[in-house]
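Data first, discussion second: the structure below is written as structure tokens.
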Amino acid sequence: GVVARLTAQKGGDVLIDAFATLSTTHPRLHLLVVGDGPDRTWLERRAAAAGVGARVRFTGWLDDSSAVLAACDVMVVLVASDVDALREVVVDGETGILVPPDDVAALARSIGALLADPARAARLGAAGQARAARAFPVDTMVEQTIGVYEAIDKAR
């Protein structure tokens, strides 16, 4: 599954293509896409064109996605593109798996590896959750965000 704003920057096309690759060896696999954005219709069409449209569910935004997260075997953030912002959150091999950006084959292989090893996926997920709580507590993130807005206001 994935929870994201559906924009080109998020790589939804790469995920759809990786899912299509995985679906040949995992015929019961489904993809849950939680979120919305300007690329939603395009991604729905891409999934249909790849022959996996019936196995990809686009939910739109959900007020509470915790049940969705709990129901997924692998979240695409546990497997993430090796780019600045995600590299800050995901420690490769410790809290998830980083793959090169736009690399459909690497994304499919990494997701497939976690599907084949649920214990490893659970360890990475638990380590990621612990790291997020430790490194990115909500109150600190709110304070930092307010600080950014205050700095912008002062700069005017």
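What follows draws every value from the coordinates through simple rules; no lab data is involved. Nothing here was measured: the structure is a model prediction, and the numbers come from that model. Please note: Cβ atoms are built from the backbone with ideal geometry, for glycine as well, and neighbour counts cover all protein chains shown.
Here's how it looks for Ala80: its modeled amide H is under 5 Å from those of Ile97, Leu98, Val99, which are all 5 or more places away or on a different chain. In this Cβ point-charge picture (+1 for Lys and Arg, -1 for Asp and Glu), the range 1-97 has a dipole of about 480 debye about its Cα centre.
Centre-to-centre, using Cα atoms only, the range 63-114 and the range 1-45 are separated by 13 Å. Antiparallel as a % of all DSSP beta bridges within the range 1-129, to the nearest 5? Approximately 10 percent, going by the DSSP bridge assignments. A dipole drawn for the range 40-156 from +1 and -1 charges on Cβ atoms has a positive end, and of Val68, Val56, Ala113 the residue lying farthest that way is Val56. Legend: P(r) of the range 53-136 from all alpha carbon pair distances, 5 Å bins from 0, whole percents, reading 3, 14, 23, 24, 21, 14, 2, 0.
Our helix-only sum for the chain, with -39,500 (n - 2.57) per DSSP H run of n ≥ 4 divided by its residues, gives a mean residue ellipticity at 222 nm of -16500 deg cm²/dmol. Per-residue Karplus couplings for the range 93-99, computed as 6.51 cos²θ - 1.76 cosθ + 1.60 with θ equal to phi - 60°, are listed in order as x, 10, 10, x, 10, 9, 10 Hz, Gly and Pro entered as x. Scanning the chain for DSSP H helices at least 24 Å long along the axis (C-alpha atoms) with a Kyte-Doolittle mean no lower than -1.0 picks out 118-135, 138-155. Charge tally for His26 (other residues, Cβ to Cβ under 14 Å; Lys, Arg +1; Asp, Glu -1): +1. Normalised by residue count, the range 1-129 yields a Cα convex hull volume of 100 Å³ per residue. Its Cα gyration tensor gives the range 96-156 an equivalent ellipsoid. The semi-axes, each the square root of 5 times an eigenvalue, are 36, 18, 5 Å from largest down.
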